[in-house]
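The values are calculated or read from the model by the stated rules, or taken from the named source; none is laboratory data. In this text the structure is predicted, and so the values were computed from the model without any measurement. Backbone-built Cβ (ideal geometry, glycine too); neighbour counts: all protein chains shown.
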Amino acid sequence: MKTLLVYYTRTGKTETAAKEIASRIGGDLVRIDDGRDRKGILGFILAGFDSVSERSTGLLPVELPAPLADYGLVVVCSPVWAARLSPVVRTFLSTYGHALPAAAWLLTRAGTNAYETLFDAMDSLSGNRRIAAVSLQPGDHLYGGMLDAFVREISGAAGSSGK
């Protein structure tokens, strides 16, 4: 079964996690973006405001390596901003979530709160019930083990789905 990893990143931490998973499972990797400049302190503040207000945003055209129907699993990766999903991932899930064959969620966060309620929000936005989910805190001593367990979980799901 082919796996697609879709991610948005502002600082590079979510991208690092997505690339690590893609390299381990041989998945295709696609960055999504809205084209807004969220660099620096002003970008940080605006990103937090957009997240708190739960705004959707425009998406730049998403170019997939293969049609979405060719994938058996799509892993959607988002940073947590102000205890919420990034607007880019929120918009992606609202727009394309209904077409995901099976889904897994990955969050990266700065604090110790795992924000696991966001997994339910991702389910709701996409209309898809996740088969796996992980919330990672880069730099935490548990990061590697949690990433390993997530890779095993999605690899097992990919192998058992028969797609």
### Task
Please find, among 55, 109, the residue that is surrounded by fewer than 14 Cβ atoms within 10 Å (Cβ to Cβ), modelled with pLDDT under 95 and charged (D, E, K, R).
55
### Query
Picking from 103, 132, which residue would you name as being in contact with a Lys or Arg (Cβ under 7 Å, 6 or more places away or on another chain), within 12 Å of residue 73 (Cα to Cα) and surrounded by 17 or more Cβ atoms within 10 Å (Cβ to Cβ)?
103
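Could you count how many residues in the range 60-98 are surrounded by fewer than 18 Cβ atoms within 10 Å (Cβ to Cβ), touching a strand residue (DSSP E or B) at 6+ places or on another chain (Cβ under 9 Å) and outside any strand (DSSP E or B)? Steps first, please.
The first filter runs over the range 60-98 and keeps only residues surrounded by fewer than 18 Cβ atoms within 10 Å (Cβ to Cβ), leaving 60-70, 72, 82-83, 94-95, 98.
This time we only want the ones that are touching a strand residue (DSSP E or B) at 6+ places or on another chain (Cβ under 9 Å), so: 62-66, 68, 70, 72.
Filter again for outside any strand (DSSP E or B), leaving 62-66, 68, 70.
Residues meeting the conditions: 7.
Can you tell me how many residues within the range 7-16 are surrounded by 24 or more Cβ atoms within 10 Å (Cβ to Cβ) and not in a loop (DSSP other than H, G, I, E, B)?
First, the residues of the range 7-16 that are surrounded by 24 or more Cβ atoms within 10 Å (Cβ to Cβ): 7-8, 14.
Narrowing the set further to residues that are not in a loop (DSSP other than H, G, I, E, B) leaves 7, 14.
Matching residues across the range 7-16 total 2.
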### Query
Give me the pairs: first residue in the range 95-108 and under 15 Å from residue 70 (Cα atoms), second residue aromatic (Phe, Trp, Tyr), beta-carbon distance under 7 Å, and six or more apart or on different chains, which are they?
101/71
